[in-house]
Amino acid sequence: MAKYELLRQQLQYEGIMEPAQFFAPNAIEEHNLLRVHDSKYLNKLEAGSWSRQEERRSGFPWSLALIDREKTIMEGTRLCGIEAARGGIALNIAGGTHHAFKDRAEGFCLLNDLAITAYDLLDRGMDRIAIIDLDVHQGNGTAQITAQEDRIFTLSMHGEHNYPLHKPQSSLDIPLPDGTGDLDYLNRLDHALHRVMTEFQPQVVLYQCGVDVLATDKLGRLALTIEGCRTRDEMVFQACKDASIGVACAMGGGYSQNISTIVKAHMNTFKVARDIWT
Ligand SMILES: [Zn+2]
C-alpha cells in the first residue's frame, strides 16, 4: 500500500509531474458501479456483511475506509477514461482491479475499475474500447464481466502458471511460460498490439500496466528487467499514439521485495507517457 503515496511524492520530487497535473477524485457515484456490479453485492460491500469466505477471498479485512478508498480509485480510473476518450493520456496512481467480478471480490480487487470505465465510455458513445492488461496475473474479472460485449476487446498477457487458476477467456489471451524474459515478452507483445490495433481498431485504450512482470517480483513468475518493463510501456503508448487514440492507465500489481524497485518501474510508466505525449 505504501507504494501509492511514494509514487505520488516521487513524481513531484523528480518533476515528472507538476502539482497542477494531479487531480483528486471524489468517490464514484453508485449509478456508475451499477453498470457493472450487482446491486446485492454492492449493498453487501457497503454494509460489511461479507461471509468469512468472501472476506478471505477479497484479500482485505472489511472496513468503511477500505470501501471509500476503493470508490475513490474507481472514480480516478473513470475520469482517466474520459480524458483518454478526448485523445489524451491520464494515469491513475492506483487501480487496475482486474480480479473483481460482477458479484464478488477476489485478489485484492473489490470493484473492477477497467470494466466500470469501459461501460461508462460505451454510454458516452464510444463503441470500440480495448482493455490491454499486462499485469502478470490474468484479468479474470474483466474477461468475465465483458465476455458478452463485442464493443470491448480484452487483451491479457500473463503468466500461464500464475493466479488465477481458472482463467475465463479474454478476447485475446497470451499465456506466458515461467521465466519469460524481455526478448520473448516484447516480441509477443508487438504481435498482440498489432492485432488489437489493426483487427479491432479501438477508439480508446485502457491499460493495466502492472509491474509484477519483473524478475524481482515475489508473486510474478516472469523475468522482465526494469528496462524491459519500460520498453513494454513505451510500445503500448507508441501504438496508441500511432493510432491517434488516447489511453487511460491503471497501475496494477507490483510486489518486488524492494519497494524502490516497484516505485521506479511505475515511475517509468509516467516518464514514458510524458515523453510520448509531449
Ligand atoms: Zn498482478
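The values are calculated or read from the model by the stated rules, or taken from the named source; none is laboratory data. None of the values given here were measured: they were computed from a predicted structure. Here the Cβ positions follow ideal geometry from the backbone for every residue, glycine too, while neighbour counts run over all protein chains shown. Side chains included, ligands, DNA and RNA excluded: accessible areas come from the protein's heavy atoms. Shrake-Rupley method; radii C 1.70, N 1.55, O 1.52, S 1.80 Å.
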- Query: If you check E83, E70, E106, E46, which single one turns out to be free of Cβ contacts under 8 Å to residues at least 60 places away in the same chain and farther than 23 Å from H137 by Cβ?
  - Reply: E46
- Identify all residues within segment 24-47 that are part of a helix (DSSP H, G or I) and surrounded by fewer than 13 Cβ atoms within 10 Å (Cβ to Cβ); write none if there are none. E30, H31, S39, K40, N43, E46, A47
- Message: I'm told L34 meets every condition in (1) at pLDDT 95 or above; (2) touching a Pro at 6+ places or on another chain (Cβ under 8 Å) except one. Can you identify the failing condition by its number?
- Response: (2)
- Query: Got at least one residue in segment 157-164 being within 14 Å of I132 (Cα to Cα) and open to solvent by less than 80 Å² (accessible area, probe 1.4 Å)?
  - Reply: yes
- Message: Among the numbered criteria (1) within 24 Å of R274 (Cα to Cα); (2) in a helix (DSSP H, G or I), which one does L183 miss?
- Response: (1)
- Note on the structure: Screening L111, L183 for residues that are loosely packed, with under 15 Cβ neighbours inside 10 Å, away from the ligand (no atom under 16 Å from the Cβ) and either under 16 Å from G253 (Cα atoms) or not aromatic (F, W, Y) (or both) leaves only L183
- Task: Search segment 69-108 for residues being out of contact with any Ser or Thr (no Cβ under 7 Å at 6 or more places or on another chain) and polar (S, T, N, Q), and hand back the single one that is least open to solvent (accessible area, probe 1.4 Å).
- Result: T97
